[in-house]
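Some notes on the structure that comes next.
Every number in this text was worked out from the coordinates using simple rules, so none of it is lab data. Quick caveat: nothing in here was measured; it's all calculated off a predicted structure. We place every Cβ from the backbone using ideal geometry, glycine too, and count neighbours over all the protein chains shown.
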Amino acid sequence: MANLFNSLQKSGLRYQDILVELPIEIHNSHLLTSLLHQLPSQPPETELSFPPNLASLKSDPQITLTPLSPNFDSLDLSIDPFLEKTCDLLLESIENHHTELNNHQYYQRSLGREQAKIAAWQQKRKAENAARLAAKQPLLPEDEWQRLFKLPTEPNRLEILLNSRQVEQYSRQVDGFTASVSGKMFAVKSNLLPGEGS
């Protein structure tokens, strides 16, 4: 051992040459970041003294008033019932809006088919009248298509406008309430989704 010490002294090796400083970056978890953003005030600058026991921790007003006192309410992952109801209403409004859009698209297709039939009938009637005119026979009425063909009734556009407004309103309400909840859900996403947990 003394021989090793002597050889270290002769080589001039210092501890600065042995130990290499490695840069370390510390990252907070998403859940901790969410907690820190929800603190009502800045954490204290001075170091807090450790309480002697749990009872003194619970009864000391100096400790319980600090932002980092044990308070797990902000880590609660339960969803606000109002937000849950609003999400249900939003989904229902989106389904209604989708149904109304499908009805309108069906009306457009039906109208296009009927108009194509009417145009074909009018062309045929014009050809018949041209042949009758050449044969000096009385002409057939060209407005008879109104009795033969029935155009589909257009769906109420007011329903589509009302549904669009409802979707927008519910979306704004959900957006206002999800700021705090989505941060927590993202932080614990791996535990909520099957197959992604550790």
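3J(HN,Hα) couplings calculated from phi for segment 91-102 with the Karplus curve 6.51 cos²θ - 1.76 cosθ + 1.60 (θ = phi - 60°) are, in sequence order, 4, 5, 5, 5, 5, 4, 5, 5, 5, 5, 5, 4 Hz; Gly and Pro show x.
Distance between the 7 Å Cα→Cβ label points at residue 160 and residue 134: 4.5 nm.
Between residue 146 and residue 108, the FRET efficiency estimated from the beta carbon spacing at R0 = 25 angstrom works out to 0.75. For segment 101-172, applying the loop criterion from DSSP together with a ceiling of 10 other beta carbons within 10 Å to the trypsin sites (Lys or Arg not before Pro) yields 136, 150. Between residue 47 and residue 85, the C-beta separation translates, for a Förster distance of 41 Å, into a calculated FRET efficiency of about 0.35. Quote to one decimal, in nm, the extra length available between residue 123 and residue 28 on full extension: 0.36 nm per residue of separation minus the C-alpha distance between them. Extending this stretch completely gives an extra 26.6 nm.
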